[in-house]
Structure formats: C-alpha cells, structure tokens
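For reference, the structure is listed below as structure tokens.
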Amino acid sequence: MAPRALHAVLVSVLLATGAGCTDDAPTEPSTSTGGAPTEVDGSAAAPGSTPPGSGDIDLTGTVVAQLDEPIALVARPGDDLLWVAERAGTVRRLERSAAGDLVPEGDPVLDITDRTSTESERGLLGIAFSTDGSVLYVSHTDAGGDSRVASYDVVDDTVDAGSRLELLEVEQPFPNHNGGHVVVTDDDALYLGLGDGGAADDPENRAQDPDTLLGKLVRVNTTGEGDHEIVASGLRNPWRYSFEPDGSVWIADVGQNAVEEINRIAADDLPGANFGWSGYEGDEPYLSGDGRRPDDPVMPVFTYRHDDGNCSVTGGFVVRRPDLGLDGAYVFADYCVGTVEAIWVDADGELAGHRDLAVAVDGPVSFGTGAGGEVYVLSAAGAVVRIDPA
C-alpha cells in the first residue's frame with residue numbers, strides 16, 4: 001500500500017476509533033466552551049525579562065527521508081545514524097547518501113511483520129535503546145492485538161533476531177488506545193506508556209484501576225522476570241512522552257471528544273501521579289461516579305480544544321537547540337492540523353509562552369531527536385521531516 005493510502009487509513013482509524021475524537025457519544029459530555037490555542041502574554045516571566053518564545057523564530061521543515069508509515073525515530077548511543085520503526089513491523093537504519101540525503105539501508109535491521117498487524121491502531125509502536133546501545137527495545141501489538149515489549153541484543157550494527165527476550169505482555173480488550181511509546185532514561189530505566197484499553201469513555205474505568213497496566217505510565221522490568229511498576233495513572237492514550245534530565249516528565253494525552261492535553265510532572269511527584277482520565281478530559285470534568293475522579297488529579301500545563309480542525313495531540317520533547325530559537329521549548333503538533341507548535345514553562349512549571357512555529361507536517365505521528373539534538377517529525381504519509389532554521 002502506498003504511503004498516501006496508509007495515511008488515509010490512519011486518518012479514518014483516528015476519527016472512527018477515538019484515538020483523537022470519536023463517533024461514540026460520551027455519557028456525560030463536557031459543557032465547557034473553551035477556545036482554540038492562544039498566545040500566552042508571558043506574564044509568568046520575571047518582571048523586566050523577555051517572555052519565552054517572544055523573539056524571532058523562523059523555521060522550516062526539510063524532508064530528509066521517505067519511508068513506509070514511520071512511527072518512531074531514535075539515535076543509537078555512540079552512533080550518529082538514525083533508526084526508524086515502521087508501523088508494519090520493520091526497523092530501518094538510515095544512511096547518508098553522497099548527496100546528503102538520508103536513505104534506508106537495503107534490508108531492515110529488524111523485521112517482526114510476522115508478529116504484528118496494522119489493524120486499527122495496532123502495529124510496531126515504539127523503539128528505544130539501552131544507554132550503551134547494546135540492547136534494542138521494541139513495543140508492538142501481537143497478532144492477537146495484545147501489547148508486548150521485548151528486547152534484542154545489538155552487536156556492532158546488527159540486531160540479533162534470535163536474542164528476543166519477552167519483557168511484558170498486556171491484554172488489550174479493544175484495538176485502539178494502545179499507546180506503546182517506549183523511552184529509556186539516563187539511568188537505563190525503560191518506560192512504557194499504555195492507553196486505557198480502547199472503546200469510548202474507558203468503559204471499565206481501567207485508567208483508574210491499580211490492578212491493570214492499562215491507562216498507565218509503567219517502569220518495565222527488563223530482566224524478563226518480576227513485576228513492573230506503575231509510575232502514573234489516569235491516562236487515556238498517551239501519545240508520546242519524554243523525560244527531562246531532572247526526572248520530570250512531559251506527557252501528551254489524547255482526548256475523547258473535545259480537549260487535548262499536555263502534562264508536565266516533577267520527578268518528586270512520581271510515582272503516584274494521577275492525570276484524572278476519565279473523570280477529567282484535559283482540565284474539564286468529564287465522567288463521574290465509579291471511582292473515576294481521583295482526589296488530587298494532576299492538571300495539564302496546556303490544553304486545546306477540537307476547534308479549527310484539531311483532533312489528536314502528538315507529543316514531542318523539550319528542545320535544546322538555541323540555533324532554532326527553541327532552547328527549553330516543548331514541541332508538539334496536532335495530527336489533523338499538522339502545524340508544529342511550542343510551549344515554554346517557567347521555573348515553577350507554569351505555562352509561560354506558546355506559539356505556532358509555522359512548520360507544517362502531513363499527519364504528524366511522532367517526534368524524534370538525532371545525536372546532535374536535531375528535531376525530527378514523522379509523517380503518517382511517510383516523510384521524515386527535520387526542523388531547520390529558515
């Protein structure tokens with residue numbers, strides 16, 4: 001299937017199954033009228049200081065590679081080559097051509113297409129490396145739709161397919177809201193984000209259930225034995241999250257019908273943070289009863305509504321690139337609108353700035369960073385887009 005056709009399939013899946021908005025009417029709809037994303041005046045900045053993001057920022061998106069529905073991009077530690085996961089189940093390494101373009105090597109470095117499927121929101125959903133680059137972690141749904149995390153040994157530039165070690169399996173009751181993003185932190189800990197199990201309105205309240213990993217941020221035991229730790233709960237479909245060096249976490253969580261949210265939580269508040277779904281959609285009360293509303297939910301640092309074509313947030317990370325004018329900015333995009341945006345927070349973690357970066361990507365599904373801090377955006381239509389100074 002051509003990348004354009006794949007893009008069309010994913011759009012229909014997102015709209016039909018509730019990865020962003022959903023056709024299923026909520027049992028207790030939000031009554032807030034809200035509004036589209038707006039510029040922040042910088043009042044949270046110190047008196048006399050320049051509000052974050054208020055200077056000249058002139059950026060462009062450069063298409064550096066074309067793949068088949070890329071879903072995750074990482075740089076292997078100690079290597080400046082990029083590794084990209086394609087949702088159908090392949091991992092490809094990108095080489096630089098004589099012309100300077102990034103092109104995939106002839107054969108995938110890993111092929112698990114026989115272990116997964118791309119029905120609905122399923123497939124290969126995330127990859128990450130151990131801090132020394134000797135282990136590749138993969139997150140995917142299996143042929144039956146359940147979530148799995150496994151590890152593979154990497155020797156030189158070769159993934160040993162026979163070294164697969166199963167680390168985690170989670171039963172998925174529905175084909176959507178799989179989450180699946182994996183991240184390795186500086187202390188070599190592996191984290192997995194899982195959605196609430198799918199359908200509309202979290203029918204079994206799984207995101208608030210401490211006895212299931214669904215709707216949670218999970219620290220994965222990488223030995224293949226023992227339990228996994230729930231770090232945070234109350235998530236609907238965490239579509240990308242990232243850690244800061246100080247241990248704080250940014251989580252973009254896809255809303256039901258009306259509100260998309262971006263959360264930031266300090267390391268001191270983990271584990272134990274609860275982001276409120278399905279008692280809250282974003283910062284607005286949503287469903288009540290049945291233990292759906294935690295006593296002290298973490299409220300988002302930023303929200304936006306499904307106005308002007310918005311439908312589903314794709315989270316990124318905090319950029320450390322002064323040459324882009326984005327040093328300290330968190331970047332993200334909406335899947336349907338496709339424009340990359342940025343927010344800044346102050347020393348207290350409060351929103352201090354927001355602006356549209358005027359870089360358009362067709363169906364942004366993920367962000368990634370290169371070995372030199374380069375910012376990449378992956379398009380469901382197949383493009384790997386690097387954000388450059390204009």
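Read-outs: derived from the displayed coordinates by stated rules, not from any lab. Since the model is a prediction, treat every value here as computed from it, not as a measurement. Glycine also receives a Cβ, built like all others from the backbone with ideal geometry; neighbour counts cover every protein chain displayed.
Couple of notes before you dig in:
- Selection status of Tyr335, surrounded by 18 or more Cβ atoms within 10 Å (Cβ to Cβ), under 17 Å from Glu261 (Cβ atoms) and touching a strand residue (DSSP E or B) at 6+ places or on another chain (Cβ under 8 Å): yes
- Residues in segment 167-201 that are more than 30 Å from Gln256 (Cβ to Cβ) and surrounded by 23 or more Cβ atoms within 10 Å (Cβ to Cβ): 0 in all.
- Some residue of segment 148-166 being touching a strand residue (DSSP E or B) at 6+ places or on another chain (Cβ under 7 Å), over 18 Å from Ser312 (Cβ atoms) and surrounded by 24 or more Cβ atoms within 10 Å (Cβ to Cβ): yes
- Condition broken by Asn310, with the remaining ones in (1) assigned to a helix (DSSP H, G or I); (2) crowded, with 18+ Cβ neighbours inside 10 Å satisfied: (1)
- Taken over segment 123-138, the criterion of being small (Gly, Ala, Ser), within 22 Å of the chain's Cα centre (by Cα) and surrounded by fewer than 20 Cβ atoms within 10 Å (Cβ to Cβ) is satisfied by Ser130, Gly133.
Per-residue answers, yes or no, for (1) within 21 Å of Tyr137 (Cα to Cα); (2) small (Gly, Ala, Ser):
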{"residue": "Asp227", "(1), (2)": "yes, no"}
{"residue": "Arg236", "(1), (2)": "no, no"}
{"residue": "Gln256", "(1), (2)": "no, no"}
{"residue": "Ala266", "(1), (2)": "no, yes"}
{"residue": "Asn274", "(1), (2)": "no, no"}
{"residue": "Trp277", "(1), (2)": "no, no"}
{"residue": "Pro285", "(1), (2)": "no, no"}
{"residue": "Pro294", "(1), (2)": "no, no"}
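- Contacts under 7 angstrom Cβ, first residue in segment 244-259 being under 18 Å from Leu351 (Cα atoms), partner surrounded by 24 or more Cβ atoms within 10 Å (Cβ to Cβ) and charged (D, E, K, R), 6 or more apart: Ala252/Arg240; Asp253/Arg236; Asp253/Glu261; Val259/Glu281
- Residues of segment 86-122 classified as surrounded by 13 or more Cβ atoms within 10 Å (Cβ to Cβ) and part of a helix (DSSP H, G or I), total: 2
- Selection within segment 99-118 - β-branched (Val, Ile, Thr) and either in contact with an Asp or Glu (Cβ under 7 Å, 6 or more places away or on another chain) or within 15 Å of Leu82 (Cα to Cα) (or both): Val103, Val109, Thr116
- Of all the numbered requirements in (1) in a strand (DSSP E or B); (2) within 26 Å of Asp132 (Cβ to Cβ), Ile230 misses one, and that requirement is (2).
- Residue in segment 227-239 that is of a type in the set (A, V, I, L, M), farther than 30 Å from Asp79 by Cα and surrounded by fewer than 20 Cβ atoms within 10 Å (Cβ to Cβ) present: yes
- Of the residues Leu136, Leu125, the single one that is closer than 22 Å to Pro77 by Cβ and in contact with a Gly (Cβ under 8 Å, 6 or more places away or on another chain) is Leu125.
- Residue match in segment 346-355 (condition: under 17 Å from the mean Cα position of the chain (by Cα) and crowded, with 23+ Cβ neighbours inside 10 Å): no
- Segment 286-308 residues that are in contact (Cβ under 8 Å) with a residue 12 or more places away in the chain and under 27 Å from Ile343 (Cβ atoms), paired with ones that are aromatic (Phe, Trp, Tyr) and assigned to a loop (DSSP other than H, G, I, E, B) (beta carbon under 7 Å, 6 or more apart): Pro297/Phe275; Val298/Phe275
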